[in-house]
Amino acid sequence: MTDTKNHSGGATGSPKDRVFQPTSFSELAEAVELAFDYRGDVTVALKSGESLSGYLFNRQVSGPGSYIELFPSDSSQARQIRYDQIATIAFTGEDTATGKSWENWIAKKDSERRAETARVAADAKARGIM
Amino acid sequence: MAIVMKYVLVQKLSGVKRYPLVLMLEPLFRCNLACAGCGKIQYPDHVLDKRLTPEQCWAAAEECGAPIVSIPGGEPMIHPEMPTIVRGLVAQQRYTYLCTNAILMERKLDEYQPSKFLTFSVHMDGLKEEHDLAVCRDGVYDVAVRAIKAALKRGYRVTTNTTLFDDANPERVRKFFDAMMELGVEGMMISPGYSYQKAPDQQHFLKRERTRELFSRILGNPKKGWQFNQSPLFLDFLMGRREYQCTPWGNPTYNVFRWQKPCYLLQEGYAKTFRELMESTEWDHYGTGRNEKCADCMVHCGYEPSAVEDTFGTMSGFGRTVKLTVLPTSR
């Protein structure tokens, strides 16, 4: 598949910022699997010219009827998109699972941990869930 | 738990091979903690802001028919309609376990009514030092203890749920059990930590041999007062005294993405209906020795239903369950 960024995967192995332009069904299926495993938003460009940004939460692979399901970031309704409508998939959103390992947490300086804890607590307070 | 026993016996007498025991209902993924080992909350904000409605929750419970509903998340008490959701599940006479980190619990207690069908299952990963470290925030242990005391005083059923990781100190865990029983909780639930497929922390979870060793040291000489709110055969399994294969359909998971395939921990896709989940999931592809993702898993959501099946499906299982229930220290 055509990946518009020469990306080695980096230290985290995250596909963040990669853009896939599949040229076959198997390449598309591969890109969809990556997007399904990705804990961030992707932008799906359709052959119709429409572009959708959101979280790809499901896919159903069954030949010509294959489709993905995506929660658009600006809508509460899930969208179902057939594979054959997809032109590109870009990993545009932040990978929310990156850099949050236990080891990272322990390795941080006490001051950094306290700052991060305070940030999470402040966010929860701002949302009224503390 | 006559309702649960009756349910299991009816399934067995009806020849139902695969039946759900506990619905894992995740009405939201948003949490007010950000624990390093948790793989449930790493989503974009717009996904974290999604909520199941009470009607969706009740329909999911009816659709799968499980007699027990466990409500994890995210932190369920963040959901503004959680008291309504719980009331509906209690009205359906389902044993409902509201799994909470207890940060909001004391403040929101009055929104719930004590019932034999409602239990607050408070997340406690150890004594103060271990728990606050596990949840990445100081002071949460003390908040939880205060909430447990307040709930017990008002007549609610309270249990604890504990996940143990590979750095657990058996002696400290035993002291933690003592502390929880002294608080007056009805029972404790324990499970080994196992890597969520998408959890950021993949190195800290327990391997199978280490799990058996750890749980043998913790549970091998149980104290008389300890009460566990789970199958004694599952505890045997954790100690390596019984072998089980996974029963992933035993604890089906429903969340904002619908029915999760195949289990609470793995996310291989989603089904639109419970029936589709049961009929389209290739169950034989999952479990120890069948799938490398399942290799080290001994988690309650897959293996506690196996233990229950053993109790009601074999004479030895039934006999041992009765023995350990009557004489827990005979282990």
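Each row is one residue, and each column tells you yes or no for (1) more than 14 Å from every other protein chain (Cβ to nearest Cβ); (2) open to solvent by 20 Å² or more (accessible area, probe 1.4 Å); (3) out of contact with any strand residue (DSSP E or B) (no Cβ under 9 Å at 6 or more places or on another chain).
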residue	(1), (2), (3)
B:63	yes, yes, no
B:76	no, no, no
B:80	no, yes, yes
B:94	yes, yes, no
query = Mind checking which pairs have a first residue in the stretch A:102-130 that is over 17 Å from residue B:76 (Cα atoms) and within 8 Å of chain B (Cβ to nearest Cβ) and a second that is among the basic types (Lys, Arg) and assigned to a helix (DSSP H, G or I), Cβ under 8 Å, 6 or more apart or different chains?
reply = A:105/A:113
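Table: residues versus (1) outside any helix (DSSP H, G or I); (2) loosely packed, with under 14 Cβ neighbours inside 10 Å; (3) modelled with pLDDT of 95 or more.
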position	(1), (2), (3)
A:7	yes, no, no
A:28	no, no, yes
A:34	no, no, yes
A:49	yes, yes, yes
A:54	yes, no, yes
A:58	yes, no, yes
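Can you confirm whether residue A:87 is open to solvent by 40 Å² or more (accessible area, probe 1.4 Å) and either without any contact (Cβ under 8 Å) to a residue 60 or more places away in the chain or over 20 Å from residue A:39 (Cβ atoms) (or both)? Outline the logic, then answer.
Working: open to solvent by 40 Å² or more (accessible area, probe 1.4 Å): no; either without any contact (Cβ under 8 Å) to a residue 60 or more places away in the chain or over 20 Å from residue A:39 (Cβ atoms) (or both): yes.
For residue A:87, the condition - open to solvent by 40 Å² or more (accessible area, probe 1.4 Å) and either without any contact (Cβ under 8 Å) to a residue 60 or more places away in the chain or over 20 Å from residue A:39 (Cβ atoms) (or both) - is not met.
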query = residue A:95 passes all but one of (1) touching a residue at least 24 places away in the same chain (Cβ under 8 Å); (2) closer than 15 Å to residue B:47 by Cβ; (3) within 11 Å of chain B (Cβ to nearest Cβ); (4) open to solvent by 40 Å² or more (accessible area, probe 1.4 Å); which number fails?
reply = (4)
task = Filter the stretch A:105-128 down to residues that are more than 26 Å from the chain's Cα centre (by Cα) and within 27 Å of residue B:82 (Cα to Cα) and give me whichever is most open to solvent (accessible area, probe 1.4 Å).
result = A:125
note = Here the qualifying pairs (Cβ atoms under 6 Å; residues six or more apart or on different chains; first in the stretch B:19-41 and more than 7 Å from chain A (Cβ to nearest Cβ) and part of a loop (DSSP other than H, G, I, E, B); second among the acidic types (Asp, Glu) and open to solvent by less than 10 Å² (accessible area, probe 1.4 Å)) come out as B:31/B:75
query = Is one or more of the residues making up the stretch B:43-55 modelled with pLDDT under 95, closer than 25 Å to residue B:250 by Cβ and of a type outside the set (Asp, Glu)?
reply = no
inquiry  = Can you name every one of the strands (runs of 3 or more DSSP E) wholly within the stretch B:48-157 that holds 3 or more residues which are of a type in the set (A, V, I, L, M)?
reply    = B:68-71
query = Quick one: which of B:90, B:86, B:140 is over 17 Å from residue B:24 (Cβ atoms), over 16 Å from the mean Cα position of the chain (by Cα), open to solvent by less than 10 Å² (accessible area, probe 1.4 Å) and hydrophobic (A, V, I, L, M, F, W, C)?
reply = B:140
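Do we find a residue being polar (S, T, N, Q) and within 14 Å of another protein chain (Cβ to nearest Cβ) anywhere in the stretch B:236-250?
No: zero hits.
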ask   = Looking at the stretch B:197-291, what strands (runs of 3 or more DSSP E) fall wholly within it and have at least 1 residues that are surrounded by fewer than 23 Cβ atoms within 10 Å (Cβ to Cβ) and at pLDDT 95 or above?
value = B:258-262, B:267-271
task = Can you confirm whether the stretch A:72-92 contains a residue that is assigned to a strand (DSSP E or B), within 9 Å of chain B (Cβ to nearest Cβ) and more than 16 Å from residue B:34 (Cβ to Cβ)?
result = yes
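What number of residues in the stretch B:42-55 are without any contact (Cβ under 8 Å) to a residue 40 or more places away in the chain and either within 14 Å of another protein chain (Cβ to nearest Cβ) or open to solvent by less than 20 Å² (accessible area, probe 1.4 Å) (or both)?
Taking the stretch B:42-55 as the starting set, the residues that turn out to be without any contact (Cβ under 8 Å) to a residue 40 or more places away in the chain are B:43-46, B:48-49, B:53-55.
Narrowing further to those that are either within 14 Å of another protein chain (Cβ to nearest Cβ) or open to solvent by less than 20 Å² (accessible area, probe 1.4 Å) (or both): B:43-46, B:48-49, B:53-54.
Final tally of qualifying residues: 8.
The values are calculated or read from the model by the stated rules, or taken from the named source; none is laboratory data. Just so it is clear, the structure is predicted and the values come from calculations on it, not from any experiment. In this analysis, Cβ positions are derived from the backbone assuming ideal geometry, glycine residues included, and neighbour counts consider all displayed protein chains. In case anyone asks, the SASA skips ligands and DNA or RNA and just uses the protein heavy atoms, side chains included. Shrake-Rupley method; radii C 1.70, N 1.55, O 1.52, S 1.80 Å.
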